[in-house]
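Here is the structure we will look at, set down as structure tokens.
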Amino acid sequence: QVQLVESGGGLVQPGGSLRLSCQHSGSIFNMYVMGWYRQAPGKQRELVATLKGGGRGEYADSVKGRFTISRDNHMKTVSLQMNSLKPEDTAVYYCDGKQDGVDYWGQGTQVTVDY
């Protein structure tokens, strides 16, 4: 059973930066499409960014130019660098791994952007 464990959330002021990380426990990590989703209170979970084993990340329009997804296939981690954070980025952020039509989710990490 694959486990995904996020870290790096917290409270940051508008304009600040945070880096989220997700540790993948399974094998063949490079075969997984890894991604970050977020869910704000009262809203549906939405895609933030995804990244296949190689190539460029794909981003929601709301975070393009501010967020960067990256992965380390050797360490089996995926990260999300978040810059120029806005209050509307406040949400629980979830790491997601997809392989063979199956989604694996982390427990989520809270990101709060506020003064």
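A quick yes/no check of all residues on (1) more than 18 Å from GLN110 (Cβ to Cβ); (2) at pLDDT below 95; (3) out of contact with any Gly (no Cβ under 7 Å at 6 or more places or on another chain):
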site	(1), (2), (3)
GLY10	no, no, yes
GLY16	no, no, yes
GLY26	yes, yes, yes
ALA40	no, no, yes
GLN44	no, no, yes
GLY53	yes, yes, yes
GLU58	yes, no, yes
PHE67	no, no, yes
LYS76	yes, yes, yes
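Considering the stretch 63-72 alone, what residues qualify as being surrounded by 13 or more Cβ atoms within 10 Å (Cβ to Cβ), among the small types (Gly, Ala, Ser) and assigned to a loop (DSSP other than H, G, I, E, B)?
Within the stretch 63-72, none qualify.
Could you look through the stretch 93-115, keep only residues that are within 21 Å of VAL63 (Cβ to Cβ) and of a type in the set (Val, Ile, Thr), and pick out the one that is nearest to the chain's Cα centre (by Cα)?
In this case the residue turns out to be THR109.
So, in the stretch 73-91, of the ones that are without any contact (Cβ under 8 Å) to a residue 60 or more places away in the chain and open to solvent by less than 60 Å² (accessible area, probe 1.4 Å), which residue ends up nearest to THR50 (Cα to Cα)?
It comes out as VAL78.
Those residues that are outside any strand (DSSP E or B), open to solvent by less than 60 Å² (accessible area, probe 1.4 Å) and within 22 Å of ASP89 (Cα to Cα), I need them from the stretch 18-58; list them, please.
Passing the criteria: ALA40, GLY57.
Can you tell me which condition VAL2 does not meet? The list is (1) of a type in the set (A, V, I, L, M); (2) surrounded by 14 or more Cβ atoms within 10 Å (Cβ to Cβ); (3) closer than 24 Å to ARG66 by Cβ; (4) touching a residue at least 40 places away in the same chain (Cβ under 8 Å), and all the others hold.
(3)
The values are calculated or read from the model by the stated rules, or taken from the named source; none is laboratory data. This structure is a prediction, so every number in the text was calculated from the model and none was measured. With ideal geometry, Cβ positions are generated from the backbone for all residues, glycine too; neighbour counts draw on all protein chains shown. Remember, those area values only see protein heavy atoms, side chains included, never the ligands or the DNA or RNA. Shrake-Rupley method; radii C 1.70, N 1.55, O 1.52, S 1.80 Å.
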